[in-house]
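Just so you know, all these numbers are worked out from the coordinates, no wet-lab data involved. Bear in mind the structure is a predicted one, so any value in this text is a computation, not a measurement. Every residue, glycine among them, receives a Cβ derived from its backbone with ideal geometry; neighbour counts consider all protein chains shown.
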Amino acid sequence: MTLASVDPLFVFGHVSGVDILILLIRLLVGFGALMGAVTMMIWFERKAISDMQSRIGPQRWGPFGLLQTLADGIKLFFKEDLVPDQADRFVFKLAPYLALVPAIITFAIVPVGGTMHIAGHTVLLQIANPPIGILLMLAMSGISVYGVMLAGWASGSKYPLISSVRASAQMISYEAALGITVVTVVLVTGSLSTHNIVTSQGGDIWHWNVIRLGVVPFIIFWIAITAELNRPPFDVVEADSELVGGFNTEYSSIRFALFYMAEFMNTITMSAIIVTLFFGGPAGWVPPVAHLRWVFPILWFVIKTTIFCFCYIWFRAALPRFRYDQVMDLGWKRLIPLSLGWMLVVAGFLIKPAWGLLMAAAVLFASVVLGRAFSLGQSRESGPDSVLPPIGQRPLPGQILRAFTDLDEEDL
Amino acid sequence: MSKPLSFFGGFKLTFQHLARPTVTTSYPQSKRAKQPRQHGRHVLNRYEDGMEKCIGCELCAGVCPANCIYVRGLDNPPDHPVSPGERYGYVYEINYLRCIHCDLCVEACPTQAITESKMFEFSFTNRADAIYTKAELLVDDQGYPKRLPWEDWREGEAEMTGGWMRATSPAGDASFEGVVQWTGDLGVGVRAPEGGQSGNRDDEATGSKQLRRAFFRHLNPIDVNDDQRGLQGQISRGQEKMTMAREKLAERKKNKQDKKNKKDPSHQ
């Protein structure tokens, strides 16, 4: 076994100087495109949200304010870099990179276009096509939460700490639903590699996973990924009105810029991942002209990704922030059971329709039981007092709502 | 939209807003139209014959809560009187570092000598400039306020000085609507009264027409005039634009004709 077959970057077998050159070019182009896309995304978000709020938005730098991000970056770069007195200095400085690097790496597995032929070499228009494929995305989104968590913890300040606790809890709650919906995609594709996931959705629109799997996994994935991104309406992590700025409150200068960049890079990457998993990636109509055959898939990919980026902005303009308990409620009580049930039904139908129907019946039965359990739990009259009464029923001073135990008062 | 689906109402509304005009005014470059009763920098008015209205009674200085007005009266010289009465304002100074633009001086003035323009954007770099003397406050020979280099005058800000003075009766009695009880000003004559409260809203006279037009999409439906609402509004706005364009075209044609006529009078 040579190094080339182990290293997922060299999936084409032999290694030559040209291969390495092509790899370098792919890396540079991919990285550059991502960086450019981030500046454009920040501009696009600010402009679109200000349009939705009847404002003007950035307009001073460059045509239509296009260079605003650059100006902001330069400004942040020259600002004073503060490290709080109570901070854990090493972790405080490490955290922004833990947020940014996974955001960059995740984009490596996104198929931006089809294949291209250069000088006898077949080149995939994606930076890397590792066999573990989509698992890399899950792993990286797992790591990137460390950036947020450690940033909050290392700041030595209370609001960032609350934010980091929220971030880890939210990440755990939604990672499960996210993973299960990815499993449904993998089940129907039979491969983890993003390239295979995309090629299996090639052809017409009916082969796209969003339709092939029923719309439900897509919607679950979308909600879960929005929560993973900490974007509105799931931005309890950086809720400005509650936690000042959340985990990045104590950050300034270029370290803050790194967090900011990571956030927007994640937005783009996750839009691209949605497109890859459910909307066929670069699939779409291609003109029968030889030289345009590689341009159009890229174009389709960009259009689809832009639509999803716009949807995130739209969410931000239209939806109010969830309360923290609502975030947990949605994740654990709704998305996880739903995604699990749907995954079972999909798995059943993949074996045999009869199995699928059986699974559907089982899932339906389970959901009825679960629904009954939830309603019973919510309407419980008495219980151990260690459980706090729900908000809205808190006792007034001098008032006791419940007995101390489940026993009747006569028994005491 | 039914109640459970009103969740999507927010998406619809935000998306519709993409196409709506922005409400932001790029402030230093452009300004919003000011309200007709805006309190701005004072002016000292003159009668239509050029006489000063101020009689040096010092009521304004007495009523001023910020103590920013300093007035001294003097007997009118018999051979060349400054004001039509017995006395005139010999010294008149307002310290704009103290003035709070409450307009009590305007209210106290028995001769409508002091009123306020709508210009409040002025800044000075030393204390001496902040004290406006009579030379700066008195209107010029055309009846318009003098413009100092540090003042940012825009169109319309010198019009209708003391607009609220020219409303109906101070008690709001509708029977005094349109009754003129003020003297004429130099260059302008007797100014027209504001639109009354019993009649229709006359946006043209109150000067708030442009403001209304800019904001009608963001106003509550009840605040939008019938002819500006919905499809009818679009039609009437279109008609308005058409008539304006037609007038412009006619004017241009007329100008061209005039030029032609001037060039060769033999044509006539």
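Points to keep in mind about this one:
- A P(r) calculated from all alpha carbon pairs of the stretch B:86-169, with 10 Å bins opening at zero, reads 14, 50, 31, 4, 0 percent.
- Nearest-ten-degree value, helix A:158-189 long axis tilted from longest Cα axis of chain A: 60
- Taken about its Cα centre, chain A carries a charge dipole of roughly 1220 debye when the Cβ of each Lys and Arg holds +1 and the Cβ of each Asp and Glu holds -1.
- The stretch A:29-88-the stretch A:158-201 distance, computed between alpha-carbon centres (Å): 27
- Within-14-Å neighbourhood charge of residue A:320 [Cβ basis; K, R +1; D, E -1]: +1
- Exercise: per-residue mean of other protein chain Cβ atoms within 10 Å, A:315-321: 4
- In this simple spin-label approximation, residue B:102 and residue A:80 carry label points 7 Å from Cα along the Cα→Cβ vector, and these lie 4.2 nm apart.
- The mean count of C-beta atoms from other chains within 10 Å of the C-beta of residues in A:55-68, rounded to a whole number, is 1.
- Projected-area average for the stretch A:273-326 over all orientations - Cα convex hull basis, square nanometres: 4.9
- Kirkwood-type radius of the stretch B:26-79, with distances r between different C-alpha atoms, in Å: 14.7
- Order of A:168, A:367, A:173 - criterion: other Cβ atoms within 10 Å of each residue's Cβ, fewest first: A:367, A:168, A:173
- Take every pair of alpha-carbon atoms less than 8 Å apart whose residues are at least six positions apart; their mean separation over the length of chain A yields a relative contact order of 18 percent.
- Residue-averaged 222 nm ellipticity for chain A, from DSSP H runs of 4+ at -39500 (n - 2.57), nearest 500: -20000 deg cm²/dmol
- A Stokes-Einstein calculation at 25 °C with viscosity 0.890 mPa s, built on the Kirkwood radius of the stretch A:13-91 over Cα pairs, returns a diffusion coefficient of 152 µm²/s.
- Label-point separation, residue A:88 to residue B:155 (7 Å along Cα→Cβ), nm: 6.5
- Between helix A:253-278 and chain A: long-axis angle, C-alpha atoms, 0 to 90°, nearest 10: 80
- Stokes-Einstein, applied to the Kirkwood radius of chain A over Cα pairs at a viscosity of 0.692 mPa s and 37 °C, places its translational diffusion at 138 µm² s⁻¹.
- Peptides B:37-46, A:291-300, B:57-66, A:78-87, ordered by how many other C-beta atoms sit within 10 Å of their residues on average, highest first, read B:37-46, B:57-66, A:291-300, A:78-87.
- Cα gyration tensor category, rounded, prolate or oblate, for the stretch A:310-369 with a/c compared to 1.5: oblate
- For the stretch A:187-316: rounded, prolate or oblate by the Cα gyration tensor [a/c cutoff 1.5]: prolate
- Diagonalising the gyration tensor over the Cα atoms of the stretch A:73-155 and scaling each eigenvalue by 5 before taking the square root yields semi-axes of 36, 17, 8 Å, largest first.
- Rounded to whole Å, sorted largest first: equivalent-ellipsoid semi-axes of the stretch B:1-132, Cα gyration tensor: 49, 16, 15
- Degrees between helix A:353-378 axis and first principal axis of chain A (Cα, 0 to 90, nearest 10): 40
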